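Computed from the coordinates by the stated procedures, all read-outs in this text should not be read as laboratory data. Predicted model, so just to flag it, every value in this text is computed and none were measured. FYI the Cβ positions are ideal-geometry reconstructions off the backbone, even for glycines, and counts take in every protein chain you see.
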Amino acid sequence: MTGGSFFSELHKRKVLRAAAIYGAVAWGVTEVFVTVVEHLFLPQWVSTLAVIGFVVGFPVTMFLSWSFDFTSQGFQRAAVSSRRGKASIAASMLLLLAGTAGLFLLIKPSLQQRLAQTDLVTMLPNSVAVLPFENAGLGPDDSFLSEGLSDELRDQLGRIKGIRIAARSSSVAAREQRLDALTISTRLKVANLVEGTIRRQGNKLRVSVQLIEGSSGLALWSETFEHGPNELLSVQRSIAEQVVQFILPDSDSIMAEPATRDASANELMLLARHYEHQVRDRQEVDTDMLRDAVRLYREAAEADPQSALAHSRLAGALLYLGDIEAAEAPIFKALSLDPNLSEVQNTLGEFYWARGLPEASIAFERAVELNNNNADALTNYANMSLLSYEESAPEVMPQLYGRALELDPLSLSRHAALGEYYGKFGMVNEVKSSIQGVQELFNDAESYRLIARLHELIGEVDLAIAWTIRARDLEPDNPDHIGKLAGLYAGIGDFETALGLEPEPGLGLLFRMRRYPELIDVAEFLMIESPEDIDVRYLLAFAYNATGQFESAIHILSSTGLPDLVLDEVIRSVSDFEAFYTLINALAGARTDESVELARSLALWSDNGPWWGDIAWIALYRGCGLAILGRYDEGLQLLIRIKESPRLLWNPLIQDSNCLQQYSDEPAYQDILLDQKERRVRLREKLPATLAAFGVKL
């Protein structure tokens, strides 16, 4: 049979037309199935079964098209009179079977992946994610009800022992991405999903809710409630009870109380949380909206003065607003009402931390003990452990950061916290794994900035520049990207490009370029605008030291609570620790008997304390302290280890720290400076090829 005769036979029997019509119908029906499944919360296997059915039906349809003709008298079997025609039938059947097998081979990997994902999900049977409820018929001004119901339900379930619940930010992200049940379950590592809708019908609220098995998409339980708005609390409790019954059927766990039992206080708190979440979810703080949240929380606390969570959330919003003094009364009121709420203890820890009090660590630890589903408490406790240098920190921190990320895997901030920890401890492979995880889940300017930061932490500044340019290209009007790029270029010694990006250099760029007189002028002006900014004070004090103005440096740092903050092991940020060593340098540089003695006592304290993290950071600061103590050989041997770290240090710290000046004639010290210089040269030489590979331009 020649190819021409075979295809002419196909045309004669209208097989190609039948295949085209079948393909179009199959595609259209499949799209309808997918849409219906998604919006009616039907199991995912419904759409999968439809696809398989169309694949199986394809050879059947083609055989019928070949074997029968549609005439004016109806369907009639096509006559085959020649040997060639019979051979063409056999050949066509083989082709159809081969094509069908090919289609199955195409979908087989997807099916296998789904089966593998299903196995992964079933590993955590007592886990659940509460997705944001859909605002199906409420006006835009009432959208806080649907959002608030899911938030309160999530919090209430999270306080029940034995249930692992996904954090809010990941649950919101999963819904916003319109992921299917299996994908959500896989990414959030939960076996069950709670989802629903709220619709207003006259004076009634119609709440439809389902508990979905993530691995199959099947509804384990569903119910519809019709109540007045003031009865939303009873709906919430009914939903929580049903979910607990299905997830923990044999448990005797006591149902956690809602945030309030007062209907008016509940509505006020729902609206307040709606405003607060909107503020916290943005990069820039909307102070007017945050003040509205504070006002509503205060009204809720007045409506139900016995609600510990109303007082605690009021305190949390005030702390976020920066009004530490105003937060004191409501947080201690919440503590007096119910000290056994994780959210109350976490807010108490934030209050203590903002005040620079050592009790912060105790409060965060207690918050985690009360509810290990509290991702915020886990992260706060890990951050506190990192900055307070507790001896157990190296073992505790990865567990805490890791647990927070498990609960909140679609939150970029959780990935950032774990990645920063790995980077600051010099764990290169773990940092690269974090970068890969971020790339797989996120694709926006903020994630690009995080990837750049992680590359910077392991010395890959050329890659950091490339990713920052990608972020800038997505957000060309965001000045933060330009400032970051200028700092990165300055970090590799390309000051010309840095100044081209930032013609009027800020503090960071002036610091990296070691232009200290200008830095002092700018910082002294900024001190008037932001007197509490520790970063400004630290850089100003460093510039004072570098220009021999040691008394001014001592004055500017002592007013921040140093050295007591560090001695009490309550450090609010890395800048506190950097400022602590700048103070030691200033005291040693002042050369009075009293200041030198104090500098030595502070250096001795730091030498006896726990040390961990990236070797470059340890070597620099501990080596500085050893030099002040007169243990020069020990200090120099430690400084040499800076070359072991992949991370680039800030050049001013190595060259202009007063404690290191006595090493200036040592060949080993000069070798450290040369090593850092050569790294910067290599990065500058490598950068053009890196940018070309990324397809980006400055």
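Worth a mention:
- Linear extension gain, E644 paired with S222, 0.36 nm per residue minus alpha-carbon span: 146.0 nm
- Here the label points at R178 and F246, each 7 Å from Cα along the C-beta direction, are separated by 2.5 nm in the simple model.
- Interchain or long-range residues, amide H under 5 Å from L205's placed H: H227, G228
- Residue exposure sequence - I163, I640 - by fewest surrounding Cβ within 10 Å: I640, I163
- Pairwise FRET efficiency - A326 versus E257, Cβ, R0 = 35 Å, nearest 0.05: 0.85
- Computed over the stretch 263-489, the P(r) tail beyond 28 angstrom holds 39 percent of alpha carbon pairs.
- With the simple model of a label 7 Å out from the Cα in the direction of the Cβ, Q201 to R514 spans 7.6 nm.
- Proxy reagent accessibility, fewest Cβ within 10 Å first, across H415, H227: H227, H415
- Residues in the stretch 485-517 that a label on T547 would reach, taking backbone N under 11 Å of a point 7 Å out along Cα→Cβ: 515-517
- Surrounding net charge for A404, when Lys and Arg each add one and Asp and Glu each subtract one, Cβ distance under 11 Å: -1
- GluC sites (Glu not before Pro) restricted to the stretch 188-237 and DSSP loop, no more than 13 other C-beta within 10 Å: none
- Point-to-point label distance, E359-S601, nm (Cα→Cβ direction, 7 Å offset): 2.7
- Rg over Rh for the stretch 273-394 works out to 0.97, both radii taken from alpha-carbon positions and Rh defined as the Kirkwood radius.
- Taking Cβ atoms as reference points and 11 Å as the exclusive limit, the residues near P132 contribute a net charge of -2, counting Lys and Arg as +1 and Asp and Glu as -1.
- Surrounding net charge for L220, when Lys and Arg each add one and Asp and Glu each subtract one, Cβ distance under 15 Å: -4
- Across the stretch 555-560, coupling constants 3J(HN,Hα) worked out from phi with the 6.51/-1.76/1.60 Karplus curve, θ = phi - 60°, read 5, 5, 8, 5, 6, 8 Hz, and Gly and Pro carry x.
- Burial ordering of L271, L653, L318, fewest other beta-carbon atoms within 10 Å first: L653, L271, L318
- Under 16 Å of direct C-alpha separation, and excluding same-chain neighbours fewer than eight residues apart, K161 reaches these aspartates and glutamates: E241, D250, D252, E257, E343, E369.
- FRET efficiency estimate (nearest 0.05) - Cβ-Cβ, E666 to D477, R0 45 angstrom: 0.40
- Within the stretch 127-247, all pairs of alpha-carbon atoms sorted by distance into 10 Å bins from zero give the percentages 14, 49, 32, 5.
- As a rough guide to protection, the peptides 467-480, 417-430 ranked by mean Cβ packing within 10 Å, highest first, stand as 417-430, 467-480.
- Contact order relative to length of the stretch 374-527, as percent, for alpha carbon pairs under 8 angstrom and 6 or more apart: 12
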